[in-house]
1. Checking Pro232 against (1) of a type outside the set (S, T, N, Q); (2) at pLDDT 90 or above; (3) within 17 Å of the chain's Cα centre (by Cα), which test does it fail?
2. Examine the range 39-54 for a residue that is over 19 Å from the mean Cα position of the chain (by Cα) and acidic (Asp, Glu), and state whether such a residue exists.
3. Conditions: (1) hydrophobic (A, V, I, L, M, F, W, C); (2) in contact with a helix residue (DSSP H, G or I) (Cβ under 6 Å, 6 or more places away or on another chain); (3) open to solvent by 20 Å² or more (accessible area, probe 1.4 Å). Leu68 meets all but one. Number of the miss?
4. Within the set of pairs 6+ apart or on separate chains, which have a first residue in the range 211-224 that is within 11 Å of Ala42 (Cα to Cα), a second that is assigned to a strand (DSSP E or B) and open to solvent by 10 Å² or more (accessible area, probe 1.4 Å), and C-beta atoms under 9 Å apart?
5. Out of Ser204, Ser176, Ser159, which single residue is over 20 Å from Lys2 (Cβ atoms), at pLDDT 95 or above, within 15 Å of the chain's Cα centre (by Cα) and of a type in the set (Ser, Thr, Tyr)?
6. If a residue has to be assigned to a loop (DSSP other than H, G, I, E, B) and within 19 Å of the chain's Cα centre (by Cα) to count, how many in the range 1-34 make the cut?
7. Can you pull out the strands (runs of 3 or more DSSP E) entirely within the range 92-175 that have at least 3 residues that are surrounded by fewer than 20 Cβ atoms within 10 Å (Cβ to Cβ)?
8. What tally of residues in the range 230-252 results from selecting those that are touching a Leu at 6+ places or on another chain (Cβ under 9 Å) and either under 21 Å from Leu273 (Cβ atoms) or open to solvent by 60 Å² or more (accessible area, probe 1.4 Å) (or both)?
Amino acid sequence: MKTYKLFIGGKFPRSESGRVYEVTDSEGNWLANAPQSSRKDARDAVAAARKAFGGWSGATAYNRGQILYRVAEMLEGRREQFAAEVAAAEGLSGRAAAAQVDAAVDRWVWYAGWSDKIAQVAGGANPVAGPFFNLSTPEPTGVVAVLAPQESSFLGLASVLAPVIVTGNTAVVVPSERAPLPALSLSEVMATSDVPGGVVNVLSGRTREVAATLAAHQDVNALDLAGAAADPELAKELETAAAENLKRVLRPYEGNGSGEAADWSADPGTSRLLAFLETKTVWHPMGV
């Protein structure tokens, strides 16, 4: 009987309140106990993410990409474990679950490859009238609170987390409430890889309870509402709270606009990479 722990600042603390909740498979059979995060846990995770931001955002894009490649290698090494967790959580066959894990690893590698290329897409030299260079470069937004998709416990998680951290942001992740085990196992990979402590923090528990604290937190710079796609009321509440300090908000993606679930296996494009980047523009005299 396993009881998981939170992942905050590169360490595995118990929930501050000591609460846990039962995680079951798609048929209602008990799998494990997951920690139920409190408001204090959320504040601690934000503090850890803020502390790690300077070092992570200051690292070279190449270095961040290499670290994400290493994470992908470790995920592939634990393929069978993740496939079993995804199969139990989502009620998939072994083959289908393995395909989801393979797709998640490929997605992680895909985003890692963008680390030293996204500046070429998002930045550039701007034509101006005068003897000046006018250069725009992308910079990370800061601490991003990520509500991971509820139904896609691993592929969806990789699809929302990787673009946040590869661009130099740090993340506080709220995994699927019903199926948090793949995310909690991912935190074990993060802890034993080269990802600095605090770059990724994982808070399992009641999505509404944890997300409300993060959305209202004054030191959170951006909010990804992917995990609130099935609850428009919650998404609206969180977006309203996020407006208090002008957070960037990425609204839930709702497939083709008809309210259908997002297809996380589809080509992701660069939209999530660009969502959490700021543009810095610099003027410099040509010296002529």
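The values are calculated or read from the model by the stated rules, or taken from the named source; none is laboratory data. Since the structure is predicted, the reported quantities are computational estimates derived from the model, not experimental observations. No Cβ is skipped: glycine too gets one built from the backbone with ideal geometry, and neighbour counts run over all protein chains shown. Surface areas here come from the heavy atoms of the whole protein model, side chains and all, with no ligands, DNA or RNA. Shrake-Rupley method; radii C 1.70, N 1.55, O 1.52, S 1.80 Å.
1. Unmet condition: (3).
2. No, there is no match, as no residue in the range 39-54 is over 19 Å from the mean Cα position of the chain (by Cα) and acidic (Asp, Glu).
3. (3)
4. Filtered contacts from the range 211-224: Ala215/Val249.
5. The conditions single out Ser159.
6. 5
7. The strands (runs of 3 or more DSSP E) meeting that bar are 132-140.
8. 7
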